[in-house]
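Take a look at the structure below.
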Amino acid sequence: MASEVRARPPRHEVRDRVLEHAAAAFLRDGYAGVKVIDIATAAGFTKGAVYSNFGGKPGLFSAVWSERFEAIAGFALGRSALIRSGRPRDEILAEVARELAVRLTEAPGWATALGEFRLLAVRDPEVARTYAELSARQLDGLAGQLREHGDAIGLPRDFDHAVAAYLILTAATGLALEHAAAPRVTDRGRIEHCLAELLIKVLR
C-alpha cells in the first residue's frame, strides 16, 4: 500500500501555529530563554519553517509582540463607542487608562521579554534593526489611532500625534517593566493613575 502523502499546510496556518507556540514560550521563558527549535517542534514544524516565515528569533519575537501590542492598543484606544459616548473627555481618558493598566499588568512576563529584547538591541545589530522596525510600526499605529479619534477626543488641528504616541508608548512599556520588576512599588493602581494623568495632559 502506498504511504499516505501528508499535504503541506498553507503558509498562514504555519505562521499562526508558530506564533501561538512562540507567544506561550516568550511569555513563560522570556526572550533569552527561548530556542527557535523548541518553538518549531512544539508547533509541529522544522526550524526552517520558522526561519522562512520570520527570518529568525528576532523577527519571530517582533511578530509576536506586534500582535500583543495591537490587541492592547486596539482595545483601549479603538473603542469608538466609549470615545464617542459624549461623556466628559477626562472621564473617557481615565477609563482608557484603567483598561491599559489592566492589560499591561495581567501578564508581567511580556514586559520582561520586551525588556530583554530591548537590552539585547544595544549590542546585537540584527536585534537592533528588528527592534527599530518594531518601534517604528508601533509608533505609527498609535499615532494613526490618535488621528482617527482626534475629533472625538477633542484634539486641536495642529496636535502632534507622533510626539503624543511616543510619550504614551514609552510610558506604558516603562511602567509595565517597572511592574514586572517591583509589582508592590509600581502596582496596577499606580500605573492607572500615571497613565490617566499622562493621557489627560498630553491629549489636550
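The table below gives the values:
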{"read-out": "Test: residue in segment 153-161 that is surrounded by 17 or more Cβ atoms within 10 Å (Cβ to Cβ), within 20 Å of the chain's Cα centre (by Cα) and in a helix (DSSP H, G or I)", "value": "yes"}
{"read-out": "Residue within segment 127-136 that is of a type in the set (D, E, K, R) and part of a helix (DSSP H, G or I) present", "value": "yes"}
{"read-out": "Among the residues listed as Ala132, Ala143, the single one being surrounded by 17 or more Cβ atoms within 10 Å (Cβ to Cβ) and within 30 Å of Gly55 (Cα to Cα)", "value": "Ala143"}
{"read-out": "Among residues of segment 43-71, those that are in contact (Cβ under 8 Å) with a residue 12 or more places away in the chain and of a type in the set (Lys, Arg), counted", "value": "2"}
{"read-out": "Output for segment 52-99, where each listed residue is within 19 Å of Arg204 (Cα to Cα), open to solvent by less than 40 Å² (accessible area, probe 1.4 Å) and at pLDDT 90 or above", "value": "Ala94, Ala97"}
{"read-out": "Yes/no for Leu169 being assigned to a loop (DSSP other than H, G, I, E, B), of a type outside the set (D, E, K, R), out of contact with any strand residue (DSSP E or B) (no Cβ under 6 Å at 6 or more places or on another chain) and more than 19 Å from Phe26 (Cβ to Cβ)", "value": "no"}
{"read-out": "Residue within segment 163-174 that is within 15 Å of the chain's Cα centre (by Cα), of a type in the set (Val, Ile, Thr) and open to solvent by 40 Å² or more (accessible area, probe 1.4 Å) present", "value": "yes"}
{"read-out": "Filter result for Ala132 (free of Cβ contacts under 8 Å to residues at least 12 places away in the same chain and either out of contact with any helix residue (DSSP H, G or I) (no Cβ under 7 Å at 6 or more places or on another chain) or β-branched (Val, Ile, Thr) (or both))", "value": "yes"}
{"read-out": "Checking Arg190 against (1) outside any helix (DSSP H, G or I); (2) open to solvent by 50 Å² or more (accessible area, probe 1.4 Å), the condition it does not meet", "value": "(1)"}
{"read-out": "Selection within segment 25-46 - in a helix (DSSP H, G or I), out of contact with any Lys or Arg (no Cβ under 8 Å at 6 or more places or on another chain) and surrounded by fewer than 15 Cβ atoms within 10 Å (Cβ to Cβ)", "value": "Arg28, Thr41"}
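The values are calculated or read from the model by the stated rules, or taken from the named source; none is laboratory data. Here the structure is a predicted model, which is why all the values come from computation and not from measurement. Glycine gets a Cβ as well: all are built from the backbone with ideal geometry, and neighbour counts include every protein chain shown. Surface accessibility is based on the protein's heavy atoms, side chains included, excluding ligands, DNA and RNA. Shrake-Rupley method; radii C 1.70, N 1.55, O 1.52, S 1.80 Å.
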